[in-house]
Structures are given as structure tokens and as C-alpha cells.
Amino acid sequence: MKRDYEALFKAGNTAQLEKLKENEDKPGWDNITFVTTFTGLLEEVKELIAEVKGDISDEGYEKIRREAADVANFAHMIILRCDVILDKEW
């Protein structure tokens, strides 16, 4: 079975952008430390675990989707920070 990268990134990017737009009043990630970003990732993973263990219904899946987007956003912040440090072109 062929991997559908387009569907994966479309679903992920849509959910991630939804979550980021909800928090536009919060400070950006440009000025937070790597450790703070990693700690945020771990906190979001804990929240995702709690949702996965919780209500598995349409509402539960929406909560799981939102927490997974938070995890992905923090992971992308870490990737971006590494790319900046490594001076990668993007």
C-alpha cells in the first residue's frame, strides 16, 4: 500500500493551523528556549495520552485530534529551532 503523504500533511497541517490560530494572542515561539519548547511538547503528549484514554466518541476524537495538533506544533517548533541553528534553508 502506497503512503498518501498529501492526505497526511493536509490533515495534519489543517489541524495544526486551527490550533495555532486559536492562540494568536500568545507570544510566538521565536524567543522561547529549546528546553521550554521540549517541555511544552512533553506536556502536550501527556494531554494527548489523557484524551486517548478518555471518551472515544465523535467528541473524543475531536479532542484527540486537537491534542495531536498541539504535539505536532511543538515538534515543528523544535525542528524549526534546529534548522535555524544548523542554518538550513527552508
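Derivation of every value follows stated rules applied to the coordinates shown; laboratory data play no part. Quick caveat: nothing in here was measured; it's all calculated off a predicted structure. Virtual Cβ from ideal backbone geometry, glycine too; neighbours counted across all protein chains shown.
Give me a count of the residues in region 12-23 that are surrounded by 14 or more Cβ atoms within 10 Å (Cβ to Cβ) and more than 21 Å from Arg81 (Cβ to Cβ).
The qualifying residues number 1.
Whether any residue in region 36-44 is aliphatic (A, V, I, L, M) and either under 25 Å from Ile85 (Cα atoms) or in contact with a His (Cβ under 7 Å, 6 or more places away or on another chain) (or both) is what I want to check.
Among the residues of region 36-44, at least one is aliphatic (A, V, I, L, M) and either under 25 Å from Ile85 (Cα atoms) or in contact with a His (Cβ under 7 Å, 6 or more places away or on another chain) (or both), which makes the answer yes.
Since Ile56 meets every condition but one in (1) part of a helix (DSSP H, G or I); (2) surrounded by fewer than 15 Cβ atoms within 10 Å (Cβ to Cβ), which condition does it not meet?
(1)
Only one residue in Leu42, Leu48 is assigned to a helix (DSSP H, G or I) and crowded, with 17+ Cβ neighbours inside 10 Å. Which one?
Checking each option against the conditions leaves just Leu48.
What are the pairs, 6+ residues apart or on separate chains, where a residue within region 8-26 that is among the acidic types (Asp, Glu) has its Cβ under 7 Å from a residue that is part of a helix (DSSP H, G or I)?
Glu18/Ala69
Provide a single number: the residues in region 24-39 that are loosely packed, with under 12 Cβ neighbours inside 10 Å and within 13 Å of the chain's Cα centre (by Cα).
Of the residues in that region, 0 qualify.
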